[in-house]
Amino acid sequence: MNVGFVDHPMIAMAGASPDGLVGKTGLLEIKCPNTATHIEWAVAGNVPTEHRLQMQFCMFCTRRDWWDFVSFDPRMPDGQQLFIRRLHRDEKVIKELIDAVLELVGRA
C-alpha cells in the first residue's frame, strides 16, 4: 500500500515517508542504485548501514515492527537483480535516536 508522509508522534516537523506499507506491521523501502552499489549491498548480505537509522526512525513514526529493504538493478543477470533484507524494530536504537533528536531541538 502506498503511503505519504507520516508525522512523528512526539516531535513536530519530523516524520518519515516509507515507500510503502506491508500488511499491518511492515514497511517497504525500494532502492535502484548503480550496479556497483547494488553488488556491494548484495555481497554484504545485510541492510546497508547507511539506511538502518532512517529505517528505525521510520518504524517508530509509523508504529511498525519491520521493514523490507529492497535493492533492484535491472542491469544485473537474472537471479541477481533483486536483493531483499528485513530489518526488525530495535527499541534501544529507537530510544537513542529519539533522545538525540530531542537534545538537538532542545527538548531533552
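Every read-out reported here was derived from the displayed coordinates using simple, explicitly stated rules and does not represent laboratory data. None of the values given here were measured: they were computed from a predicted structure. Cβ: placed from backbone, ideal geometry, glycine included. Neighbour counts: every protein chain shown.
What to note about this one:
- Of the chymotrypsin sites (Phe, Trp or Tyr not before Pro) in segment 1-85, the ones in a loop by DSSP (not H, G, I, E or B) with at most 10 other beta carbons within 10 Å are Phe5.
- Taking label points 7 Å from Cα along the Cα-to-Cβ direction, Thr25 and Asp78 give a separation of 3.5 nm.
- Share of pairwise Cα separations in segment 25-84, more than 15 Å, in percent: 49 percent
- Computed on the chain, with alpha-carbon pairs under 8 angstrom and 6+ residues apart, the relative contact order is 25 percent.
- The simple spin-label model puts a point 7 Å past each Cα toward its Cβ; for Thr35 and Glu91 those points are separated by 4.6 nm.
- Against the chain, whose longest principal axis comes from its Cα atoms, helix 35-44 is set at around 70 degrees.
- Over the chain, the Kirkwood radius and the radius of gyration, each from Cα atoms, give a ratio Rg/Rh of 1.02.
- Modelled FRET efficiency - R0 35 Å, Asn46 with Ala12, Cβ distances, 0.05 increments: 0.60
- Spatial separation of Cα centroids for segment 70-86 and segment 1-57, in angstrom: 16 Å
- For segment 22-31, 3J(HN,Hα) computed residue by residue from phi via the Karplus equation (6.51, -1.76, 1.60; θ = phi - 60°) reads 10, x, 9, 10, x, 9, 9, 10, 10, 10 Hz, glycine and proline entered as x.
- Between the helical axis of 91-104 and the longest alpha-carbon principal axis of the chain there is an angle of about 60 degrees.
- HN-Hα J in Hz across segment 58-73 - Karplus 6.51, -1.76, 1.60, θ = phi - 60°, x for Gly and Pro: 5, 4, 5, 4, 8, 6, 9, 9, 8, 9, 8, 8, 10, 10, 10, 9
- Proximal charge balance of Arg85 [Cβ under 12 Å; K/R count +1, D/E count -1]: +1
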